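*Asks:* Below you'll find the structure I mean.
The values are calculated or read from the model by the stated rules, or taken from the named source; none is laboratory data. In this text, all values refer to a predicted model and were calculated from it rather than measured experimentally. Quick reminder, even Gly has a Cβ in these numbers, built from the backbone with ideal geometry, and neighbours come from all protein chains shown. Ligands, DNA and RNA are excluded from the accessible area calculation, which covers all protein heavy atoms including side chains. Shrake-Rupley method; radii C 1.70, N 1.55, O 1.52, S 1.80 Å.
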Protein chains: 6
Amino acid sequence: MKLLYLNPNSSVHMTDGIVAVARQALPEAEILGWTNHGAPPAIQGPEDGAAAIPGLLAQLPAAREAGADAIVIACFDDVGLDQMRVASHCPVLGIGQSAFATATLLGLRYSVITTLAVSVPVIEGNIRASGYDTLCRGVRPSGLPVLTVEAGGEEVCQRLADEMRQARDHDQAQAAILGCAGMAGLKAELARRTTLQVIDGVEASARLAAALAQMAV
Amino acid sequence: MKLLYLNPNSSVHMTDGIVAVARQALPEAEILGWTNHGAPPAIQGPEDGAAAIPGLLAQLPAAREAGADAIVIACFDDVGLDQMRVASHCPVLGIGQSAFATATLLGLRYSVITTLAVSVPVIEGNIRASGYDTLCRGVRPSGLPVLTVEAGGEEVCQRLADEMRQARDHDQAQAAILGCAGMAGLKAELARRTTLQVIDGVEASARLAAALAQMAV
Amino acid sequence: MKLLYLNPNSSVHMTDGIVAVARQALPEAEILGWTNHGAPPAIQGPEDGAAAIPGLLAQLPAAREAGADAIVIACFDDVGLDQMRVASHCPVLGIGQSAFATATLLGLRYSVITTLAVSVPVIEGNIRASGYDTLCRGVRPSGLPVLTVEAGGEEVCQRLADEMRQARDHDQAQAAILGCAGMAGLKAELARRTTLQVIDGVEASARLAAALAQMAV
Amino acid sequence: MKLLYLNPNSSVHMTDGIVAVARQALPEAEILGWTNHGAPPAIQGPEDGAAAIPGLLAQLPAAREAGADAIVIACFDDVGLDQMRVASHCPVLGIGQSAFATATLLGLRYSVITTLAVSVPVIEGNIRASGYDTLCRGVRPSGLPVLTVEAGGEEVCQRLADEMRQARDHDQAQAAILGCAGMAGLKAELARRTTLQVIDGVEASARLAAALAQMAV
Amino acid sequence: MKLLYLNPNSSVHMTDGIVAVARQALPEAEILGWTNHGAPPAIQGPEDGAAAIPGLLAQLPAAREAGADAIVIACFDDVGLDQMRVASHCPVLGIGQSAFATATLLGLRYSVITTLAVSVPVIEGNIRASGYDTLCRGVRPSGLPVLTVEAGGEEVCQRLADEMRQARDHDQAQAAILGCAGMAGLKAELARRTTLQVIDGVEASARLAAALAQMAV
Amino acid sequence: MKLLYLNPNSSVHMTDGIVAVARQALPEAEILGWTNHGAPPAIQGPEDGAAAIPGLLAQLPAAREAGADAIVIACFDDVGLDQMRVASHCPVLGIGQSAFATATLLGLRYSVITTLAVSVPVIEGNIRASGYDTLCRGVRPSGLPVLTVEAGGEEVCQRLADEMRQARDHDQAQAAILGCAGMAGLKAELARRTTLQVIDGVEASARLAAALAQMAV
C-alpha cells in the first residue's frame, strides 16, 4: 500500500509534518509526501488555490510512475480535487472531504474549527457542493493564521479549545473537525481539552484512502 | 479488530453469506454475524423494517459485552441506523451508507441496482436524507426478488448486467452500487460484465468500519 | 371519533396533562391516553427516543383492538413516527409535525420555542426531513428543563415570553410554536403576552387528526 | 363555522360543483361559493392565473363582511394564494396545498394526476416552493382538458385510472392526488378502481380549513 | 431601445429618482417611468405588495402600446414579478433579481443591505425561490425606514457603511447589494466608504434589461 | 469595450467561429479570440476540462496586458470558471452560465440541448452548483458529436429540432438552450423550426459581459 500526499503549497516543512501524521495514522503503509514547488508558500483563499492547480496536475505522471495506490491532496480546502480526480490513475482524496465523510459515516453533527475567516466560504462551499452539509453545524474561524497554528503552544490550544466549546454549546455539535492540515499535530492535546469527538482530516484521509484502495472497486 | 454484522432479518442463511463476504474483504479482522431471530425472514419494505428495530436494539448489550469495535447493519435499507447509532457503545454503519460513502469519496456518479420496486423509495429516501444524492443518478429495480438474486445463476447475472448497462448509457453513471446484501456474492461475476466500477456495500462496510474503528476519534 | 394519544415516556402525569388539553381542543371526540411503561421517564435527546420505540410499536395491536381512528405520538420530537406510520392500521400523527403543518397551511413564518439545547438538533432535523423548513425561522431553546416548564409559574412564562419576543424581533417570525408537550397548558397565558400567533402541537394534532380521520382517504 | 370557497374563474357551474363537494365533506358547516366574474372562464396556465388575481383580491372586503371563518381558493393551481394570505382577515387555504398537506401528514408518497401538460410546471413549482416535495413522486398529466374531466364518464375514469396505475407501478406512489377541482366529483368512482389512497383537494380543504379555524391560533 | 420602469407604489417622487438613476446607467436608451397611482405610497411588507399587483397588471396594455422593449418593476421586493412575466408582451425584470443575477454572474458572495427588518423575509424568500441563494451570505436590515434612506445624509451613509463592514467581516461577503430602490442615489458615496464591490439593482436592471432586449431570444 | 473570448481547446477553427458569432451579437465592441494551444483539440468530458485549465490560467497576464474589460470562457462546460474568476483582473463569464442566467432573468423554464451523453453530467452539475436549477427542465443529449454539429446541415438541424420538440412536449420547457459553442451558428435556422425561445450562450455572453463591464461595480 503506497499513499502519496501532495501538498499544494510550496512549504516543505508543512509537507514533512503532514507525512509524519499520516505515517503515525497508518504505519503499515508506505507514505510519500511531495511539495508543490512553484506554488504559493501557503494556500490562503481561492486565489492561492487556483495558482496551485497547474502544479498539482503536472505531478500526476510521476505519481503514476511511483505506483501510488491513492493520492491525498493535503490541504483542507481540497484544492483542485475535481480536476485531479478525473485526471488521475488512482483514487484521489482531499483531507477536508475525508474529515466530512468520517463525521457523516459516524452520524455525528460536526463543526469545523479553522484558521482565518477568509477560509470560511471556501470550506462552506465545499461542504455544500459535496452534500456533507446535512450534519454540519458551522464553520468557525479561530482568527489564528496557519503559521501560528502550526507553531502550536498553550495560547493556540486555548483559543482552539474555546472555539470547540462554542461548537458544543452553541452549535450543539458532537464532533469538532480540525479545519487545517497544520492542526493535525495538536489533535491529542486538543482532544484532552474537550468532550467532543475530534476528527483530523490527515489521519482520516490515511485510513480512508487505504480502505478505498483495498476495495476491489 | 472485531466487527459485528447484525442481520436485521431472521434468515440465518443470509447472515452466513454476509459474514463470508465480509471475512474475504477484511481477513485481518474477527467478523461476527448475528441473526435477528423473531424478525421477518426478509426485510421487504418499510413495514418489515419497523418490525426489525426492537430486535436490533435488544442486541446492543450483548454487542458491548462481546467487545465489538464496530457494528454493521447488514441490510441495504439501513434499517434502524439512526436509532442504533445513538444507543450503541461503538460506531454503527449501514451497508447502504457505506456504499454511498464509497462512491462519494471516489467522486463517482452512481446508480443503485436493487431488487423489487418496493425498495426504491426506501433507498431513495435514505440517500436524500443523508446527503449522498449529489452524485446519485438513479435507483433501478431489477424486478428480481431477494431470494432469486441470492440464488444467483446466469439469468440473474444477465438481468443485473442489463440494468448496469442502462445505468451507464441512460444515467451516465460511472459506478454501479449493488443494492441488496444478497448481491454481494455475485460482485466478481458482475464486474466482469460491465465497464462500470462495481461497489458492494458489504465489502465497503467492512473496510470502512475498520478504518473508522482504528481512527482515534 | 376515537383518538389515541401515545405518550412515549413513562410519566403517567404527563399523559394525563396531554389528554386534558386534547379533550379541551376536541370535545366532540373520545380521547384515549396511554403511557409507555418501561420507557424512560422523559424523552431527553435521541437516546431516550431510541429506547422508547420498541414500547410504542408493541402498543399497536391493542390500539387496533381499541378501535382508534387515529394515533398521535405525544412528544414534540415525533419519536418513532416513521416506524409507527408503516406499522399502524390507522393514521399516525406527531405533535411536532402537526404544529409545523399548521403554520405551513396558514403560511406563517414560525420559530419553535423549546426546552433545553439538547433538543434543538432533533427538532431541526425533523423539520428539515419533512420539508417544513420553508417557513421555519429558528428553533430556540429556553434553557428550561421539561419538568420546570410543566410546573409553570410566572418565571417560566416570563422566560418563554422573552424567547417569543426574540422570535418576533430577531427571527421575524409571525408565529411561535410551543416546542414541548409540557407547554400545552400554558398556551392561553403565553398568547396573552405576545403579538405572535401561538401554535400548540397537542391542540393542533387533535384537530388535524380528526380532520384526517374524517376524510375518506 | 362559515367557509367561503372562491372560484378564481368565471364559471358559475364549476363553483356550484365545488360547493356541493365541500358541503358533503363538511355537512356541519355553512359553505359559501363565489365566482370570479370578469376572470377567464377557466384557469389554464399561469397567464389565466395572473388575470384572476385582481378579482380575487377585490372580493376580500365582502368576505370579511360575510363573516367567513376561512377562505379556500378553489383552483388546484392555488392562484394568488400568497397575495390573498397577507391581505385577508382570516386563514386562506388552497386546494392544492390542502391535498399536499394531507399526504404529508399521513406520510404517504404521492403522485398528482392532473389535466393537461401545461399545468404540470405550475403544480410542480407550487409543490417545491411550499416544501411538499419530500414525498412527491411525480405530477402526471392525463391529457384530458378540464371540461372533459368535469363531464366525467367511463372513458375519463379509465384514462385517470390508467394514470393512477402508472403512479403506483412506476412512481411507487402510495396515494393519488386528484389535481383538478373538476375531478372532485369522480373521487368515489376512482377510488373503486385503484389500490392507492385517493386524496381530493376540495374535500381536504374543507376538513383542514375547519380544523384550522377552530384552533385558537 | 425603450425601457419602462414601473414603480409599484404611488410616490411620484420615488419614480422620478429611479428614472434619473436608470438614465445615468443607460444614457443610450429611452427610459420611461410610470407610477402606480392608487397603490400604497410605499411598499412596506407583503400586504402592500399584494395591494400593488392589480394596478401593475392594469398597466400592461398601455405598456405594450407605448412600445416598451422591456419592463422593470422598480421595487427591490420584485412585487408581482411572476404575474407580470406571464402577462406581459416583453421581458419583465425586477431590480432585486437584477442585483442577485449580477452578483451571481460575477461569482461574488454577497450580502444585501436593506431598510427595516420587516423586509428581510420577503427578500430572503425571493432569493431562495429564484435559486440565487448559492452566493448569498445574508440579508441585513439597517433599521432605517425607506424615506430616511432616500433623504440620504451623513448619518444614513454611516449606518449603511457600518452594515457593509459587518457584511465584509462577519458574512465574508465580497459584494454589498443595495436592497432598496431608494439607495440607488447613494451608491457612489457608499462605494467610497467600503472595499466591497457595491451593486445597485436599478443600475443593474437597466444594463441587463437592455442586454436581454437586444438578444434575439 | 474589449471582450476576450478564450477557447479552452486548441482548435483555431472553433475560436474563429465563436468570435464571428460574438461580433455579430455585439458589433459595437472589440472582440478578441484566443486559442488554448497545447490543450486537447476538443473538450469532451471532464478529463479534457482538467487538462485545459493550466493553459487558461497561463493566459491571464496577457489578458490583462491586452486590456480586456471582460473575459468569456468559450466552452459550454464553463471549464475552469471558478479558478479563472479568482485569478483574473476583470469579470470572467462562461457561455453556459450566461445562457442559464438569461433564461432565469426571463423567467423561462428551459431545457439544454447538447451533443453527446458524456457531457450531460458536467452540465447538470454546473447548473445545480450555481443555483440555476430552479427553472431547468432537463439536459438532453442529441447524440451528435461536436464536429458533426459544427458542420451543420439538414440532418443535424432536424435532429436538434426533434430534441427541441421533446423539450417542449415532454419537459414543458419554454426555452431551448443551445448546449455547445458549435451550435451558435445554427441558431437562426433552429429558431425557425420551433415555437420555443432559443438561447445561445455565445450571444448571451457577449451581451451580458458588456452589461457587466459597463456597470460601475
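*Asks:* Taking the stated definitions as given, is residue A:155 assigned to a helix (DSSP H, G or I) and farther than 20 Å from residue B:216 by Cβ?
*Replies:* For residue A:155, the condition - assigned to a helix (DSSP H, G or I) and farther than 20 Å from residue B:216 by Cβ - is met.
*Asks:* Taking the conditions exactly as written (open to solvent by 20 Å² or more (accessible area, probe 1.4 Å) and part of a helix (DSSP H, G or I)), does residue F:22 satisfy them or not?
*Replies:* no
*Asks:* From the list F:47, F:30, which residue is farther than 30 Å from residue A:78 by Cβ and either in contact with a Gly (Cβ under 8 Å, 6 or more places away or on another chain) or among the charged types (D, E, K, R) (or both)?
*Replies:* F:30
Each row is one residue, and each column tells you yes or no for (1) under 25 Å from residue F:19 (Cα atoms); (2) assigned to a helix (DSSP H, G or I); (3) facing another protein chain (nearest Cβ under 8 Å).
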| residue | (1), (2), (3) |
| --- | --- |
| F:140 | no, no, no |
| F:149 | yes, yes, no |
| F:172 | no, no, yes |
| F:183 | yes, yes, no |
| F:187 | yes, yes, yes |
| F:207 | yes, yes, yes |
| F:213 | yes, yes, no |
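*Asks:* Follow-up. Would you mention how many residues in region A:102-123 are over 13 Å from the mean Cα position of the chain (by Cα), part of a helix (DSSP H, G or I) and within 10 Å of chain B (Cβ to nearest Cβ)?
*Replies:* Of the residues in that region, 4 qualify.
*Asks:* Something else: Only one of F:149, F:156 is open to solvent by less than 40 Å² (accessible area, probe 1.4 Å), in the same structural domain as residue F:132 (by TED's automatic domain parsing), without any contact (Cβ under 8 Å) to a residue 40 or more places away in the chain and within 18 Å of residue F:77 (Cβ to Cβ); which?
*Replies:* On inspection, the qualifying residue turns out to be F:149.
*Asks:* Okay, next question. Residue E:99 versus (1) surrounded by 20 or more Cβ atoms within 10 Å (Cβ to Cβ); (2) aliphatic (A, V, I, L, M); (3) more than 14 Å from chain F (Cβ to nearest Cβ); (4) assigned to a helix (DSSP H, G or I): which is the lone unmet condition?
*Replies:* (3)
*Asks:* While we're looking at this one, here's another question. Taking region F:189-205 on its own, how many of its residues are within 10 Å of chain E (Cβ to nearest Cβ), in contact (Cβ under 8 Å) with a residue 12 or more places away in the chain and either assigned to a helix (DSSP H, G or I) or among the polar types (S, T, N, Q) (or both)?
*Replies:* 4
*Asks:* Within region B:35-52, take every residue that is out of contact with any helix residue (DSSP H, G or I) (no Cβ under 6 Å at 6 or more places or on another chain) and open to solvent by less than 20 Å² (accessible area, probe 1.4 Å) and give me the one that is farthest from the other protein chains (Cβ to nearest Cβ).
*Replies:* B:52
*Asks:* Moving to a separate point now. Filter region E:124-150 down to residues that are within 17 Å of the chain's Cα centre (by Cα), more than 27 Å from residue F:108 (Cα to Cα) and not hydroxyl-bearing (Ser, Thr, Tyr), then give me how many there are.
*Replies:* Summing the residues that are within 17 Å of the chain's Cα centre (by Cα), more than 27 Å from residue F:108 (Cα to Cα) and not hydroxyl-bearing (Ser, Thr, Tyr) in region E:124-150 gives 8.
*Asks:* In addition: Only one of these conditions is not met by residue E:31: (1) hydrophobic (A, V, I, L, M, F, W, C); (2) open to solvent by 10 Å² or more (accessible area, probe 1.4 Å); (3) more than 10 Å from every other protein chain (Cβ to nearest Cβ); (4) in contact (Cβ under 8 Å) with a residue 60 or more places away in the chain. Which number is it?
*Replies:* (2)
*Asks:* Report the residue count in region C:188-217 for those that are open to solvent by 20 Å² or more (accessible area, probe 1.4 Å) and either acidic (Asp, Glu) or closer than 22 Å to residue C:4 by Cβ (or both).
*Replies:* Matching residues across region C:188-217 total 7.
*Asks:* With the requirement that a residue be in a helix (DSSP H, G or I), away from chain E (no Cβ under 14 Å) and open to solvent by less than 10 Å² (accessible area, probe 1.4 Å), what does region D:64-95 give you?
*Replies:* D:95
*Asks:* Which residues, counting only those in region D:160-186, are under 17 Å from residue D:110 (Cβ atoms), in contact with a strand residue (DSSP E or B) (Cβ under 9 Å, 6 or more places away or on another chain) and open to solvent by 20 Å² or more (accessible area, probe 1.4 Å)?
*Replies:* If the condition is that a residue be under 17 Å from residue D:110 (Cβ atoms), in contact with a strand residue (DSSP E or B) (Cβ under 9 Å, 6 or more places away or on another chain) and open to solvent by 20 Å² or more (accessible area, probe 1.4 Å), then D:166, D:168, D:170, D:172, D:174 are the ones that fit.
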